[in-house]
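Colleague: Here it is: the structure, laid out below.
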Amino acid sequence: MAGPALTPPGAAWWRGGAIYQVYPRSFADGNGDGIGDLPGAADRLEHVARLGADAVWLAPINPSGGVDGGYDVTDYLDVDPVYGGLPGFERFRDRAHELGLGVILDWVPNHTSDRHPWFVEARASRDSARRDWYVFADGRGDGPPNNWSSRFAGPAWVPDEATGQWYLASFYPQQPDLNWSNPEVRAAMADTLRVWVDRGVDGFRIDVVHRLAKDPLLRDNREAAADPPAGYGRNPGWYTTLHLRDENGPEVHGYLREMRAAVGPGTLLLGEVWILDLREVVRYLSPGELDLAFNFPFALSPWNPGPMAEVIELTEELFGAGWPAWHLSNHDMARAGTRFGPRTVRAAAVLLLTLRGTPVLYMGEEIGMLDGVVPPERALDPVGRDGSRTPMQWDASPNAGFAPPGAEPWLPVAAGYRDRNVAEQEGDPDSVLALYRRLLDARRRHPALSTGTFRMLEAPAGTLAYERAGPGERFVVALNFTEDRREVPLAAGTVEVASSVSLEGRELEGVVALPPHGAVVVRGGH
Ligand code: NOJ
Ligand code: CA
């Protein structure tokens, strides 16, 4: 099928919709080897459908070198046997479509694994027919060809002893960058998109898409004094250069149009445009390019109404008639509940699901999951992202229902899962899960909350308030970011959804009293 069943064919279903990210290794283990897989995930999809999401984004399922959680692909056309191979994918796809959920695959075009046959061939000799599929260059003196830094550690160049050159690897050394200025590479990668479209996927999340176009002359980045953003420090060198030459080259927009041509107009293209200047990000949404781009300035904002309002208003201003996407958590960063504190998860849910744009939820966010503390002897990701990748917490049984009780999960289940899990929250009308369901349901029933207009309102210190309006409907959302009660003035209205269910249905006259960290969606309102 061409898209989720709930949406008329050809319509942009993702506009009013919500996307749910599944990290396949940690969602559901169907065969008891301790690793999540696609048959296991298929059996848990009903949870996603009941939640009210419209599509599932699967982090990479291709066979990989196993160095970067699947982002080091060895075969773009196959599915890792550990996830159930192609039959596992088909089962997942069919179940998703049966439930009206779109399937979005992660596509990793910037780099392959160093074990990908293309790279094995490229590095074999300077004369290899595939040499120019990657970025090989001579060093400068004894050092690398230029001053580019990798995202994770040290320089972005890896010495290739056998051929006496260096190859570019913008992430781990085992992830050589493909040379996108080579039309053969672009044609081969476009073919991989077509194969998956033919196999029935509804969209792609495109990994680090802003990295595809680099300076063909490999000139240095400019040095700049920069403080790494708090809690996000990895490779200091990456932060102390301005990325003028190693990403976001003007050619990227042509590459995007080629991708669009390969997949056609009906396939969602959601880009991981990891650029902190939203003026640049919005250019990726030009006609014939991406449909959606992640908003990292929003995701990295502190939980504070000042900076939040600033990034939301800037997004509104720049995206204009375009369509933003919003997320607060993913497999690369500490979960929002961990960054901002567990008491904020309800207000964060209200915020994420009432902005103008497509929200992207990370599995477990709907139960207020927190990062696991992974002991050093179980740590797997060298740059420390294991905490947000611990297994999904389904119930209070050993292994949290992620894997059968006797299995050893690939990462330990986070402590606290006995109190924070899907089964526990199912039965509680005032749970975080119930709140997510009510919010997603309200978006469906009231287009003003999904596709309506947005206007920021004046609000007292420590709070945020905004209006969402559509034909014949108007809502005001008010959020309290503080530990204290806060009163937000507003016109008469009825509480449609609130952080605690007991506030819902209340008639308000001129003011809403928000409990600490409380949030309300008020119908009427202003
Ligand atoms: C972004 C992905 O989300 C992250 O997990 C990965 O390490 C890098 N891109 C490199 O592919
Ligand atoms: Ca398994």
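The values are calculated or read from the model by the stated rules, or taken from the named source; none is laboratory data. A quick note: this is a predicted structure, and the numbers were derived from the prediction, not measured. Positions of Cβ are backbone-derived with ideal geometry, glycine not excepted, and every protein chain shown enters the neighbour counts. Please note that ligands, DNA and RNA were not included when accessible areas were found on the heavy atoms of the full protein model with its side chains. Shrake-Rupley method; radii C 1.70, N 1.55, O 1.52, S 1.80 Å.
Colleague: Based solely on C-alpha atoms, express the radius of gyration and the Dmax of the stretch 220-319 in angstrom.
Modeller: 15.4, 43
Colleague: So, in nm, how far is label Val511 from label Leu244 when the simple model puts each one 7 Å beyond its Cα toward the Cβ?
Modeller: If labels sit at Val511 and Leu244, their model points lie 5.4 nm apart.
Colleague: Using a cut-off of under 19 Å, list every residue of the stretch 286-309 whose amide N is near the label point 7 Å from the Cα of Leu276 along the Cα-to-beta-carbon line.
Modeller: 294-309
Colleague: Give me the angle, in degrees from 0 to 90, between the Cα long axis of helix 345-354 and the longest principal axis of the Cα atoms of the chain, rounded to the nearest 10.
Modeller: The angle comes out at about 80 degrees.
Colleague: Suppose the Debye formula is applied to equal point scatterers at every Cα of the chain; what is log10 I(q)/I(0) at q = 0.07, 0.11 Å⁻¹?
Modeller: Each listed q corresponds, in turn, to -0.39, -0.97.
Colleague: If I model a spin label as a point 7 Å beyond the Cα along the Cα-Cβ vector, how far apart are those points for Asp132 and Asp75 in nm?
Modeller: Result: 2.9 nm between the two label points.
Colleague: Another question, if that's okay. Give me the percent of the accessible area of the chain that comes from carbon and sulfur atoms, probe 1.4 Å, all protein chains in place.
Modeller: 53
Colleague: Kirkwood hydrodynamic radius for the stretch 321-437: how many Å is it when counted over pairs of different Cα atoms?
Modeller: 15.0
Colleague: Over the stretch 61-165, what lengths in whole Å, largest first, do the semi-axes of the equivalent ellipsoid take, defined as the square roots of 5 times the eigenvalues of the alpha-carbon gyration tensor? Don't skip to the end; give the middle numbers.
Modeller: Details: eigenvalues 250, 46, 22 Å².
Taking √(5λ) for each Cα gyration eigenvalue gives 35, 15, 10 Å.
Colleague: Please list 3J(HN,Hα) in residue order for the stretch 205-215, calculated via the Karplus relation 6.51 cos²θ - 1.76 cosθ + 1.60 where θ = phi - 60°; whole Hz, with x for glycine and proline.
Modeller: Karplus-based 3J(HN,Hα) across the stretch 205-215 equals 9, 9, 5, 5, 5, 6, 8, 5, 9, 10, 4 Hz.
Colleague: Considering the stretch 297-338, what Rg and Dmax in Å follow from its alpha-carbon atoms?
Modeller: 11.3, 34
Colleague: Given the Cα-Cα distance of Arg444 and Met456 and 0.36 nm per residue of separation, how much length would full extension add, in nm? Provide the component values of the computation, followed by the final result.
Modeller: Details: separation 12, 0.36 × 12 = 4.32 nm, distance 2.21 nm.
Result for the pair: 2.1 nm of gain on full extension.
Colleague: Using protein chains only and a probe of 1.4 angstrom, how many square angstrom of Leu38 are accessible, to the nearest 10?
Modeller: Solvent-accessible area, nearest 10 Å²: 0 Å².
Colleague: Given the protein chains as shown and a 1.4 Å probe, how many square angstrom of Glu496 are accessible, to the nearest 10?
Modeller: Using a 1.4 Å probe on the heavy atoms, I get roughly 40 Å².
Colleague: Same structure, new question: Round to a whole angstrom and tell me the spacing of the C-alpha centers of the stretch 510-525 and the stretch 38-55.
Modeller: Centre-to-centre (Cα) distance: 32 Å.
Colleague: Also, I was wondering about something else. Compute the helix-to-body angle for 305-319: its Cα long axis versus the longest principal axis of the chain, expressed 0 to 90° and rounded to tens.
Modeller: Roughly 70 degrees between the two axes.
Colleague: I've got another one for you. Relative to the Cα centre, what is the charge dipole magnitude of the stretch 336-438, using +1 at the beta carbon of each Lys and Arg, -1 at the beta carbon of each Asp and Glu, and rounding to the nearest 20 debye?
Modeller: 440
Colleague: Using only Cα atoms, locate the centre of the stretch 109-137 and the centre of the stretch 450-483, then give the distance between them in Å, rounded to an integer.
Modeller: Using only Cα atoms, the two centres lie 51 Å from each other.
Colleague: I'd like the antiparallel share, as a percent to the nearest 5, of DSSP beta bridges with both residues in the chain. Working shown, then result.
Modeller: Values: 42 of 65 bridges.
Expressed as a percentage, antiparallel bridges in the chain total about 65.
Colleague: For the stretch 452-523, what's the radius of gyration and Dmax over Cα atoms, in angstrom?
Modeller: 11.3, 36
Colleague: Ok, one more. Rounded to the nearest 10 Å², what accessible area does Glu184 show when all protein chains are kept and the probe is 1.4 Å?
Modeller: 110
Colleague: Say R0 is 25 Å: what FRET efficiency, to the nearest 0.05, do Leu218 and Asp142 get from their beta-carbon distance?
Modeller: So, using R0 = 25 Å, E works out to roughly 0.90.
Colleague: Have a look at Met189, Val209, Pro250 and report the one farthest towards the positive end of the charge dipole of the stretch 188-319, computed about the Cα centre with Cβ charges (Lys/Arg +1, Asp/Glu -1).
Modeller: So the residue we want is Met189.
Colleague: Explain nothing, just the number: dipole magnitude of the stretch 452-523 about its Cα centre with +1 on each Lys and Arg Cβ and -1 on each Asp and Glu Cβ, in debye rounded to the nearest 20.
Modeller: Here the size comes out at about 140 debye.
Colleague: Also: Points 7 angstrom from Cα along the Cβ direction at Ser502 and Asp160: gap in nanometres?
Modeller: Spacing of the two 7 Å Cα→Cβ label points: 6.6 nm.
Colleague: While we're here: Sort Leu300, Leu51 from largest to smallest accessible area, using a 1.4 Å probe on the heavy atoms of the protein chains.
Modeller: Leu300, Leu51
Colleague: Express the accessible area of the chain per residue in Å², computed with a 1.4 Å probe while the remaining protein chains stay in the model.
Modeller: On the way: 19390 Å² over 526 residues.
Normalised by residue count, the accessible surface of the chain is 37 Å².
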